[in-house]
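The values are calculated or read from the model by the stated rules, or taken from the named source; none is laboratory data. What you are looking at is a predicted structure, and each value in this text was computed from that prediction instead of being measured. Quick reminder, even Gly has a Cβ in these numbers, built from the backbone with ideal geometry, and neighbours come from all protein chains shown.
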Amino acid sequence: MGLISSYRMRLRRRYWRVRALRRRRQLSVVSDRTHVIRPGAILSFTTVRNERLRLAYFLEYYRKLGVDHFLFVDNGSDDGTREFLTEQTDVSVWSTSHSYAKSAFGVDWLNWLQRQYAHRHWSLTVDVDEFLVYPFCDTRPLRALTDWLDASSIRSFGAMLLDMYPKGPIGGQTYSEGQNPFEIATWFDSGNYMFERNSTYENLWIQGGVRARAFFATTPKTAPALNKVPLVKWHKDFVYVSSTHALLPRGLNLTYDASGGEKTTGVLLHAKFISLFVERAAEEAKRSEHYRRGDEYRAYSDGLDVSADLWCKWSERYVNWRQLEILGLISKGNWA
């Protein structure tokens, strides 16, 4: 990397830190329990809006995995989300009614909270419909992974977003509060993924899966990105710049082996396509608060109703992480 390019990246990182500093005034404390955070605690950061039904299982899943404290930004919920989170003893909550889009889709808010609370902690940044799966996760807690990453001097862990969906009508099975969504969304696309190295941030750009197949078949290059870097040994000077798709400094994005080998990676099982999503897609298409002024959600809204069936003859039924390793969607790398 040349000196000019390096200087430009430093300026860009400073720009994102300044954005976060300015947007901090948009956050109001609802429940601050960060005083209980101890050195070495694993932290989780999430922005939510009207996700009351999903929260119980989300918290259960990540508590069992080993997250010690959860930090949420509630963006104008009116379904009891904020009240539910406030009751949880391992959760801290901030609220804002400001624009999700103008905060870089929540990036500014979470960058600020991570700068304040995540320094020298392993930080997991996920949405409430994203569930981290990594090698040996059925027998080893998240701390076993972070301890190994620390011992290996690895600061970030990559995970591809793997969209899950049911067989049959998406509205055929009603999701109940606290339910494991993968009792319903048990299928995924095992192939049709495109990989391309992003020269700006050096991350591996991934597209494809069921969303490219079902909603962006004629324009696959506009399909949503599936590459994520959700788990990072945070430093106060780090910033996300595009959801969790890319960070600065950009060395954190090198979660793949450019020489052709394998690094340890995971997936984020994505429980988007369950009955809750049909109404949500129509709502978010109208709000235009998501990427490209909601174009992605308009594609979902136009292509989805309760009778929509995303399953096809090439769909694969999810079993466990070992299955994903065989399919090449996850790698244990040097972690044995």
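For this structure, a couple of remarks:
- Residue match in the stretch 302-319 (condition: out of contact with any strand residue (DSSP E or B) (no Cβ under 8 Å at 6 or more places or on another chain), within 28 Å of G178 (Cα to Cα) and not in a loop (DSSP other than H, G, I, E, B)): yes
- Options V133, V128: the member that is in contact with a strand residue (DSSP E or B) (Cβ under 7 Å, 6 or more places away or on another chain), farther than 19 Å from G333 by Cβ and among the hydrophobic types (A, V, I, L, M, F, W, C): V128
Residues are listed down the side, and each one gets a yes or a no for (1) surrounded by fewer than 14 Cβ atoms within 10 Å (Cβ to Cβ); (2) among the β-branched types (V, I, T):
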| residue | (1), (2) |
| --- | --- |
| P141 | no, no |
| I154 | no, yes |
| F157 | no, no |
| I170 | no, yes |
| G178 | yes, no |
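- Any hit, the stretch 313-332, residues being of a type outside the set (S, T, N, Q), closer than 15 Å to S156 by Cα and at pLDDT 95 or above: yes
- Some residue of the stretch 85-95 being surrounded by fewer than 22 Cβ atoms within 10 Å (Cβ to Cβ), acidic (D, E) and either under 23 Å from F277 (Cβ atoms) or modelled with pLDDT of 95 or more (or both): yes
- Residues that are surrounded by fewer than 20 Cβ atoms within 10 Å (Cβ to Cβ) and either among the hydrophobic types (A, V, I, L, M, F, W, C) or part of a strand (DSSP E or B) (or both), drawn from the stretch 216-232: F216, A217, A225
- Within the stretch 251-306, being among the small types (G, A, S), touching a helix residue (DSSP H, G or I) at 6+ places or on another chain (Cβ under 9 Å) and modelled with pLDDT of 70 or more holds for G266, A271, A281, A282, A299, S301, G303.
- Identity of the residue in the stretch 172-204, free of Cβ contacts under 8 Å to residues at least 24 places away in the same chain and assigned to a strand (DSSP E or B), that ends up nearest to F131 (Cα to Cα): F195
- In the stretch 17-40, the residues that are part of a strand (DSSP E or B) form Cβ pairs under 9 Å with partners that are among the acidic types (D, E), at six or more places apart or across chains, as follows: V30/D74; S31/E87.
- Selection count, the stretch 41-56, where residues are touching a residue at least 60 places away in the same chain (Cβ under 8 Å) and either among the charged types (D, E, K, R) or closer than 21 Å to R140 by Cβ (or both): 7
- Subset of the stretch 235-245 [surrounded by 24 or more Cβ atoms within 10 Å (Cβ to Cβ) and over 28 Å from N192 (Cα atoms)]: V239
- Residue match in the stretch 68-76 (condition: farther than 23 Å from E262 by Cβ, modelled with pLDDT under 95, buried (at least 19 other Cβ atoms within 10 Å of the Cβ) and under 20 Å from the mean Cα position of the chain (by Cα)): no
- Condition check for T86: among the hydroxyl-bearing types (S, T, Y), in contact (Cβ under 8 Å) with a residue 12 or more places away in the chain and closer than 28 Å to L145 by Cβ: no
- Restricted to the stretch 242-259, and to residues there that are under 21 Å from R120 (Cβ atoms) and not in a loop (DSSP other than H, G, I, E, B), the residue that is nearest to the chain's Cα centre (by Cα) is T244.
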